[in-house]
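Enquirer: Just dropping this structure here.
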Amino acid sequence: MSDALVSDVSSAETRPRWGQYRHLLLLWLIFLATSLITRIVLAAISVHVGQMSLIELPYAFGAGLLLDALAGLYLCLPFALWIWLMPARWYSSRIGRVIIHLVFAVAVFGFLYLIAAEYFFFEEFNSRFNYTAVEYLIYPTEVIGNIRDSYPVDTVLSLCALGALLITFLLRGPISDGFVRTIRFGRRSLIMLVLVLATVVSVWAISLESVHSLSSNRVADEVASNGVYSFFSAFRNARIDYERYYITLPEKEAIARVRKLIGQSNTRWLAAPDAPGNPLARHVDNSDLGPPRKLNVIFLFEESMGAEFVGSLGGKGYTPNIDRIAAQSLSFTHLYASGTRTVRGMEALTTSLAPVPPESVIKRTGNKNLFNLSTIMRKQGYSPSFIYGGYGTFDDMNAYYRANGWRVLDRTDMPSPKFATIWGISDEELFDNALADFDKQIARGEPIFSLVMSTSNHRPYLFPEGIPGVKPKGGGREAGVRYADYAIGKFFDQLQKKPWYKDTVLVIAGDHGARVYGRAKIPVSNYTIPFIVHAPAIIAPQRVDTLSSQVDIGPTVLGLLRLNYESWLPGRDILRMGPDDGYAIFNHDRDIAMMRHGELATLGFRKTVTTERYDLQRDELTPAPANVELERDTEALFQLSWEMFADGRQREK
C-alpha cells in the first residue's frame with residue numbers, strides 16, 4: 001500500500017494525527033523522565049551532604065530541564081531519520097512493528113542504565129560525565145575490568161533489562177497508536193527540517209558553559225547538567241585551540257610575566273625574551289650550596305594519595321608509615337597537585353608545564369623529545385627509569401616516557417605476580433621488582449634516578465590477605481590508603497638495608513588527591529598532596545610551609561642535589577622561595593587557576609576570568625574584586641605553557 005492509501009484507510013480514526021511521531025515524542029518523554037529521576041537522586045545526595053542548598057534547586061531543575069530536552073532531541077535524531085526515510089507501509093508492517101518495539105526496549109534499557117551509570121560516576125567524581133569519561137573509553141580493558149570489579153554490574157544490567165521489558169509492555173497501547181494515521185513523506189520532510197533546524201540553532205546558541213554561568217556552585221551546575229549532554233560537550237571539545245577559548249595576552253607581555261614568576265636568585269637567562277627558541281631557557285647555579293651530590297634518587301609516586309589521609313599533614317591518620325618517614329625527612333606541608341588524574345601529576349613532575357586543558361602532554365600528539373627532568377639528569381650521567389606496576393599502554397605512558405629519554409619497565413617486564421587487579425600488580429610486588437632493578441643498576445655502576453608509579457590505591461580496592469588493618473575486599477578508600485602506606489613502609493624498611501641507602505634520596509609524593517568534590521569550581525583543599533624528601537645523611541628533618549605546586553617538585557630535588565644545569569622547566573626550587581613567593585596552579589575539567597597570597601584567579605572556558613578569596617582555615621572561596629596582576633600572571637603562565645608545547649619550543653633541538 002502507498003503512503004496515501006495507508007493514510008486514507010486510517011482516515012476514520014479520531015485520534016490526533018501524530019502518526020509515527022507518537023513514537024518519537026514518547027521516546028523523548030521517557031528520556032526526560034529518566035533524566036529527572038537521575039537529577040532528583042543527585043540533588044538529594046548533594047543537599048544531604050551540604051554541597052547544595054534548597055534555594056539552588058529551582059536553578060538545577062529549571063536549567064536541567066532545558067539540557068534534558070536538548071540531549072533528548074539529539075539522541076532521538078537517528079530515530080527521527082528512520083521515521084522520515086521509512087515508507088509508511090514498511091513502517092507499519094509486522095516487521096516494522098517488531099523493530100519499533102525493539103527500539104523502545106533497547107532505548108529504555110539504555111536510559112535506565114544511564115541512571116545507574118551517572119549515579120556511580122557522580123559518587124566517584126562528584127560530577128556528571130566529563131572529559132575523564134571520554135578518556136576512559138579509549139582504554140576499555142582497564143576501565144571495563146575496573147567497573148566489573150567495583151560495582152554490581154550484573155545486578156544493574158538485569159534490573160535494567162527487566163525494567164525495559166516491563167515499561168515497553170506497559171506502553172504497548174501508546175506504541176500501537178503510533179502505527180495509526182501515519183504521515184506522508186512530504187509532511188515528514190517538513191518535520192525533519194524543523195528538527196534539524198532546532199538542533200543546529202540549539203548547538204549554536206546554547207552551551208554547557210552558558211548554562212553554568214548562571215550559578216557559582218559547581219555541584220549545582222553538575223546536578224543541573226545532563227550526563228549525555230555533558231559527555232558529548234567534553235567529546236566535542238577534546239581537541240581545542242587554546243587561544244580561541246581562553247583569555248590570552250600579547251606574547252611579549254606573557255613572556256615577561258612568566259620570566260618574572262619563575263626567575264630565582266640562582267638563575268640566569270640564556271637569551272633575551274624576544275630571541276628565537278625557548279624564552280624560559282636559563283642556567284640554574286646551585287654552587288653556592290656546595291659541590292654537586294651524585295646521589296641515587298627514587299620517586300615513589302603514589303596513586304590518589306591526598307593530604308587528607310596523611311596524619312602528619314593533619315589528615316585522617318591512615319598513613320603511620322608515611323608519617324614516620326616524614327618525621328625523619330624534609331616535609332612540604334602546603335603543596336598542591338596540578339590536576340585530578342595521574343597523567344597530570346606526571347606532566348607536572350617531568351615537565352613542570354602548567355596543566356592546560358583538555359589533556360596532559362603525556363597523551364598529546366607531538367610530545368616526543370620534550371625538555372624534561374630526564375633531559376637534565378641524562379646530562380648529569382644518570383639513566384632515568386619509569387617503573388609501573390600496570391600495563392604502560394594505558395594513557396600512553398610507556399610511549400611518552402620512551403620518547404623522552406626514560407627507560408621503561410611495566411608489568412610485562414615483571415615476573416608473574418602473586419596478586420594483581422585490573423590496574424596492576426600489588427604495590428608490594430611493584431616495589432620488590434623496583435628494588436631488584438635498582439640493585440642491578442648499582443652493580444653496573446650506574447646511579448639511580450627512577451620514577452616508580454603505584455596502582456593499588458584505586459578501585460576496586462582489592463588487596464592481598466593477611467595485612468593488619470587492611471580488608472582484602474570491601475574496605476574502600478581507607479583500605480586503599482592503608483595498604484599503600486603499608487607497602488611504602490615495607491619498601492622503606494628494605495631500602496634501609498641496602499648498602500647504597502646512605503647515598504639515596506627517597507621522594508614520596510601523591511599524583512593527585514583522592515577525588516575532587518565540593519561547591520567550588522576549583523575545590524582547592526582536594527588538591528593538597530604530600531611531598532616528602534628523605535635523605536638523612538644530607539638533609540635534616542624539617543617542615544616547609546611555603547605555598548607551592550607539584551610543578552616545583554623536580555626543581556626542588558635538583559636543588560637538593562646541588563646540580564648546576566640548563567633548565568626550560570617552568571617550575572621553581574621551593575627552598576629558594578621567600579615566605580610570600582609561592583603560588584599553586586590547578587586544572588579541573590576545563591577550568592584552570594592560580595592561587596597566590598590567599599586569592600585564586602580562575603580562567604574559564606570561553607574566555608572568562610574570576611578572582612576569589614580563599615580562606616585556608618575554613619576551606620572556603622568567596623567572590624573578591626578582580627586582582628588584575630594575579631589574573632594576568634595566570635593567563636601568561638598557562639598561555640606560554642600551551643604555546644611552547646604547541647609550536648615546538650619545548651622540544652629539544
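The values are calculated or read from the model by the stated rules, or taken from the named source; none is laboratory data. Just so it is clear, the model here is predicted, and its values are computed rather than measured. Using ideal geometry, Cβ is built from the backbone for each residue, glycine included, and neighbour counts are taken over all protein chains shown. These area figures cover heavy atoms from the full protein model, side chains too; ligands, DNA and RNA do not enter into them. Shrake-Rupley method; radii C 1.70, N 1.55, O 1.52, S 1.80 Å.
Enquirer: For the chain, give the magnitude of the charge dipole about the Cα centre (Cβ charges: +1 Lys/Arg, -1 Asp/Glu; no others), in debye to the nearest 20.
Expert: Numbers: 67 positive and 66 negative charges, 274 e Å.
Charge dipole, the chain, about its Cα centre: 1320 debye, nearest 20.
Enquirer: Quickly estimate the mean residue ellipticity at 222 nm for the chain, helices only: each DSSP H run with n ≥ 4 gives -39500 (n - 2.57), and the total goes over all residues, rounded to 500. Numbers along the way, then the final one.
Expert: Details: 23 runs with 296 residues, N = 653.
The helix contribution divided over the chain gives -14500 deg cm²/dmol.
Enquirer: Compare TYR136, TYR119, TYR229 by solvent-accessible area with a 1.4 Å probe and give them largest first, with all protein chains kept in place.
Expert: Values: TYR136 50, TYR119 85, TYR229 25 Å².
Ranked list, largest accessible area first: TYR119, TYR136, TYR229.
Enquirer: So, taking all protein chains as they sit and a 1.4 Å probe, how much accessible area belongs to GLU56, in Å² rounded to tens?
Expert: Rounded to the nearest 10, that gives 30 Å².
Enquirer: Run the accessible area of the range 20-122 with a 1.4 Å probe and give the carbon-and-sulfur part as a rounded percent.
Expert: Working: 3820 of 4690 Å².
Using a 1.4 Å probe with all protein chains present, the range 20-122 comes out at 81 percent carbon and sulfur.
Enquirer: In degrees between 0 and 90, to the nearest 10, how far off the longest principal axis of the chain does helix 227-236 point, with axes built from Cα atoms?
Expert: Once rounded, one gets 60 degrees.
Enquirer: About its Cα centre, what dipole magnitude does the range 190-316 give when the only charges are +1 on Lys and Arg Cβ and -1 on Asp and Glu Cβ, stated in debye to the nearest 20? Kindly include the intermediate steps, with their values, before the conclusion.
Expert: Working: 13 positive and 13 negative charges, 76 e Å.
Its charge dipole is roughly 360 debye.
Enquirer: Can you give the charge dipole size of the range 12-143 about its Cα centre, rounded to the nearest 20 debye, using +1 on the beta carbon of Lys and Arg and -1 on the beta carbon of Asp and Glu? Display every interim value, and only then the final one.
Expert: Details: 8 positive and 8 negative charges, 194 e Å.
That gives the range 12-143 a dipole magnitude of about 940 debye.
Enquirer: Pairs LYS440/LYS502; LYS316/LYS521; LYS294/LYS440; LYS418/LYS440; LYS316/LYS497: which are spaced more than 20 Å apart, C-alpha to C-alpha? Let's see the in-between values first.
Expert: Working: LYS440/LYS502 17 Å; LYS316/LYS521 25 Å; LYS294/LYS440 18 Å; LYS418/LYS440 22 Å; LYS316/LYS497 30 Å.
Where the Cα-Cα span goes over 20 Å, the pairs concerned are LYS316/LYS521; LYS418/LYS440; LYS316/LYS497.
Enquirer: What does the charge count around ALA105 come to, taking other residues whose C-beta lies under 15 Å from its C-beta (Lys +1, Arg +1, Asp -1, Glu -1)?
Expert: Details: positive: ARG97, ARG172; negative: none.
Surrounding charge for ALA105 is +2.
Enquirer: Turning to a different aspect of this structure: Rank PHE125, PHE449 by accessible area, highest first, at a 1.4 Å probe radius? Kindly include the intermediate steps, with their values, before the conclusion.
Expert: Values: PHE125 60, PHE449 0 Å².
Sorted descending by solvent-accessible area, the residues read PHE125, PHE449.
Enquirer: Continuing with this model, one more query. Counting only the heavy atoms of the protein chains, how much of ARG97 is accessible to a 1.4 Å probe, in Å² to the nearest 10?
Expert: Near enough 90 Å² of accessible area.
Enquirer: Among all the lysines, which ones have a C-alpha under 27 Å from LYS252's C-alpha, if same-chain residues fewer than 8 places away are not counted?
Expert: Within reach: LYS260, LYS368, LYS607, LYS653.
Enquirer: Just subtract the alpha-carbon distance of ARG407 and ALA624 from 0.36 nm times their residue separation and send over the number in nm, one decimal. Could you put the intermediate results ahead of the total?
Expert: Values: separation 217, 0.36 × 217 = 78.12 nm, distance 4.74 nm.
Here the answer is 73.4 nm.
Enquirer: Over what distance in Å are the Cα centres of the range 616-634 and the range 147-186 separated?
Expert: Centre-to-centre (Cα) distance: 49 Å.
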